[in-house]
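The values are calculated or read from the model by the stated rules, or taken from the named source; none is laboratory data. Since the structure is predicted, the reported quantities are computational estimates derived from the model, not experimental observations. Virtual Cβ from ideal backbone geometry, glycine too; neighbours counted across all protein chains shown. For the accessible areas, the whole protein counts, side chains as well, though only heavy atoms, and no ligand, DNA or RNA atoms are used. Shrake-Rupley method; radii C 1.70, N 1.55, O 1.52, S 1.80 Å.
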Amino acid sequence: MSGTFFGSKVAIITTSKCRYVGTIIGADKKNELTVLGNVKCFGTENRVENVTTSNTTATVIPIMQFANSDIQVLNVVHE
């Protein structure tokens with residue numbers, strides 16, 4: 001991941017179909033991780049049949065790391 005994305009707000013959809021939104025605060029090339037800060041989880045939002053985890057959580061997670069292999073989609077969020 002290029003250093004130009006640090007500080008960008010992004011939306012990640014994982015291989016389990018959950019969407020997370022947060023700010024890129026780091027990347028670990030050796031361990032192939034992307035680190036987000038101030039993360040909100042939005043669940044699967046009906047991307048998976050028979051799973052009802054589409055409610056937005058009010059909880060903000062200060063730091064989360066994602067294995068790059070678990071990231072299916074990563075988009076920069078323009079507000």
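For segment 6-35, a tally of residues being part of a loop (DSSP other than H, G, I, E, B) and β-branched (Val, Ile, Thr) returns 1.
Within segment 49-65, residues that are over 30 Å from residue 32 (Cβ atoms) and in a loop (DSSP other than H, G, I, E, B) have Cβ atoms under 9 Å from residues that are of a type in the set (Val, Ile, Thr) and at pLDDT 75 or above in these pairs: 52/44, counting only partners at least 6 apart in sequence or on another chain. The residue that is modelled with the lowest pLDDT, counting only those in segment 18-55 that are of a type in the set (Val, Ile, Thr) and open to solvent by 90 Å² or more (accessible area, probe 1.4 Å), is 52.
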